[in-house]
Amino acid sequence: DGVAQGRGIKCRLCTKVLKKIQALAGDDPDEAAVAAALQKGCQVLGRATGKLCQRLVNKYQDQITKGLQNGDMPRDICTAIGICQS
């Protein structure tokens, strides 16, 4: 149905965004590196996706930062914040 499909798209987007951010933040990032990557990561994705990315980042910045610092996989972080189904 539409909701599940919408979730699937959001899940893919979340995973894509976090993969980008993870790559920009590098291995073992500190908070400043993650913050910089969050800003830059959304800009690289173009306007429409960038806006969604920014909303995601603003809403879940703490969880995303913690997840990346813990070395969690993007998909796991998206599941933890409730965007992806486990």
| Difference of contour (0.36 nm per residue) and Cα-Cα distance, GLU31 to ASN58 | 8.2 nm
| Proximal aspartates and glutamates relative to LYS10, as straight alpha-carbon distance under 17 Å, when same-chain residues fewer than 8 apart are discounted | ASP1, ASP76
| Relative contact order (percent, whole number), the stretch 4-81, Cα cutoff 8 Å, 6+ residue spacing | 36
| note | The percentage of the accessible area of the chain (probe 1.4 Å, all protein chains present) made up of carbon and sulfur atoms, to the nearest whole number, is 49
| remark: Semi-axes of the chain from the Cα gyration tensor (sqrt of 5 times each eigenvalue, largest first, whole Å) come to 21, 15, 9
| said: Can you show me the helix-derived [θ] at 222 nm for the chain, built from DSSP H runs with n ≥ 4 at -39,500 (n - 2.57) apiece and divided by the number of residues, rounded to the nearest 500. | reply: -26500 deg cm²/dmol
| task | Please give the per residue accessible area of the chain, computed with a probe of 1.4 Å over protein heavy atoms only, in Å². | result | 64
| query | Could you give me the ³J(HN,Hα) list for the stretch 66-83, computed from phi with Karplus coefficients 6.51, -1.76, 1.60 and θ = phi - 60°, whole Hz, x at Gly and Pro? | reply | 4, x, 5, 5, 7, x, 5, 6, x, 4, 5, 5, 4, 5, 4, 8, x, 8
| field | Accessible area in the full protein assembly, largest first, 1.4 Å probe, for LYS59, LYS19 | value | LYS59, LYS19
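The values are calculated or read from the model by the stated rules, or taken from the named source; none is laboratory data. Source: prediction; values computed, not measured. For accessibility, only protein heavy atoms count, side chains too; no ligands or nucleic acids. Shrake-Rupley method; radii C 1.70, N 1.55, O 1.52, S 1.80 Å.
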